[in-house]
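Following: one structure in structure tokens, then a few remarks.
The values are calculated or read from the model by the stated rules, or taken from the named source; none is laboratory data. Bear in mind the structure is a predicted one, so any value in this text is a computation, not a measurement. Here the Cβ positions follow ideal geometry from the backbone for every residue, glycine too, while neighbour counts run over all protein chains shown.
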């Protein structure tokens, strides 16, 4: 009997330990951590579901591939990735890339709704060129980026997915989401460069652009080429032209050359200048033209957006600065219209 007692005592101790272990394991979670974790998981699932719904119906973009001379049908968000990759450097800040994703998605949604395939092959919605939005396929990006492909595509895809289903609207309609590389320090009123006036495309200061590598540009052309392209004859006194007026964006509106008046945009396009903010001087048989900014200047400045992002601005702050009075809206209702058409 004396030998049995130690065994009984050991068994009793083991029984107590077995009972206590679950209690010990559970005690730390009795303060609500289990419930909190479960709630967080439920919220995450809800967000994922909401995002899936927000992305809207499946829509494809019929892109005319200019080099291959064929139409390719590309899922909407995949198309946006290819546009952002082509239109903005992957080295830019994530928030700037998100802003670019919004402009790209807004542009194509508006294009699909309008269904006006001007100068397009039958069945195409857009080209892959600057006529609409530049688009690169995944294979093209792999060739273009080489060893940098993995991190670049990951970053751009993140920017597109984190803005999935979002577009820019004004009065509940998709906007003309124009953009350009670099301003001269100000963006331009739409009607100062194009014929149409849009209340959200108004001149705003963009002082960050002065840090852009594309802010200044200089071009030298011969006097003969200058006269031929603009259809003018320079005066004998060595002068070139006089700027008669400037636009709200501080660019050349009208210039007079030896009695002939020309619009700043006309001069830019005929001489292939980077901007309509130009100055010039004659040196012997050559004209030296200096420009400030790169692009038409209407809408969002890409370099301005990047510098704003570097200062901590978020993509919604960026787009609402460059597009005045706009809202960030769900594209679902607009995309539903496209599926109904089909």
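For residue 210, indicate whether it is out of contact with any helix residue (DSSP H, G or I) (no Cβ under 6 Å at 6 or more places or on another chain) and in a helix (DSSP H, G or I). For residue 210, the condition - out of contact with any helix residue (DSSP H, G or I) (no Cβ under 6 Å at 6 or more places or on another chain) and in a helix (DSSP H, G or I) - is met. Within the range 57-84, track down each residue that is under 14 Å from the mean Cα position of the chain (by Cα) and either closer than 24 Å to residue 320 by Cβ or assigned to a loop (DSSP other than H, G, I, E, B) (or both). 77, 80, 81, 83, 84, listed by residue number. Looking only at the range 270-289, which residues are in contact (Cβ under 8 Å) with a residue 60 or more places away in the chain and out of contact with any helix residue (DSSP H, G or I) (no Cβ under 9 Å at 6 or more places or on another chain)? Residue satisfying the conditions is 288 alone. Only one entry in 236, 225, 197 is out of contact with any helix residue (DSSP H, G or I) (no Cβ under 9 Å at 6 or more places or on another chain) and farther than 25 Å from residue 309 by Cβ, namely 236.
Looking at the structure I just gave you, is residue 159 out of contact with any strand residue (DSSP E or B) (no Cβ under 7 Å at 6 or more places or on another chain), part of a helix (DSSP H, G or I) and either in the same structural domain as residue 304 (by TED's automatic domain parsing) or modelled with pLDDT of 95 or more (or both)? Spelling it out, residue 159 is indeed out of contact with any strand residue (DSSP E or B) (no Cβ under 7 Å at 6 or more places or on another chain), part of a helix (DSSP H, G or I) and either in the same structural domain as residue 304 (by TED's automatic domain parsing) or modelled with pLDDT of 95 or more (or both). Of the residues examined, residue 250 is one that is out of contact with any helix residue (DSSP H, G or I) (no Cβ under 7 Å at 6 or more places or on another chain) and in contact (Cβ under 8 Å) with a residue 24 or more places away in the chain. All of 180, 198 fail the test of being free of Cβ contacts under 8 Å to residues at least 40 places away in the same chain, within 20 Å of residue 249 (Cβ to Cβ) and buried (at least 17 other Cβ atoms within 10 Å of the Cβ), apart from 198. Identify the residue in the range 47-65 that is over 26 Å from residue 155 (Cβ atoms) and modelled with pLDDT of 90 or more and, among all such residues, is surrounded by the most Cβ atoms within 10 Å (Cβ to Cβ). Step by step, filter the range 47-65, then rank; the result is 64. Against the conditions (1) assigned by TED's automatic domain parsing to the domain that holds residue 101; (2) surrounded by fewer than 18 Cβ atoms within 10 Å (Cβ to Cβ); (3) at negative phi, residue 335 satisfies every one except (2). Residues in the range 244-271 that are part of a loop (DSSP other than H, G, I, E, B), on the phi < 0 side of the Ramachandran plot and surrounded by fewer than 21 Cβ atoms within 10 Å (Cβ to Cβ): 248 only. Can you tell me which residues in the range 225-242 are modelled with pLDDT of 95 or more and either assigned to a helix (DSSP H, G or I) or within 28 Å of residue 204 (Cα to Cα) (or both)? Correct list: 225, 226, 227, 228, 229, 230.
Please count how many residues of the range 253-265 are within 26 Å of residue 190 (Cβ to Cβ) and in contact with a helix residue (DSSP H, G or I) (Cβ under 8 Å, 6 or more places away or on another chain). Qualifying residue count, the range 253-265: 5. In the condition set (1) in contact with a strand residue (DSSP E or B) (Cβ under 9 Å, 6 or more places away or on another chain); (2) more than 23 Å from residue 84 (Cα to Cα); (3) free of Cβ contacts under 8 Å to residues at least 12 places away in the same chain, residue 320 is compliant with all but (2).
Scanning the range 91-116 for residues that are free of Cβ contacts under 8 Å to residues at least 24 places away in the same chain and either crowded, with 17+ Cβ neighbours inside 10 Å or within 25 Å of residue 304 (Cα to Cα) (or both) yields 91, 111. Taken over the range 123-162, residues that are within 15 Å of the chain's Cα centre (by Cα) and under 18 Å from residue 61 (Cα atoms) amount to 9.
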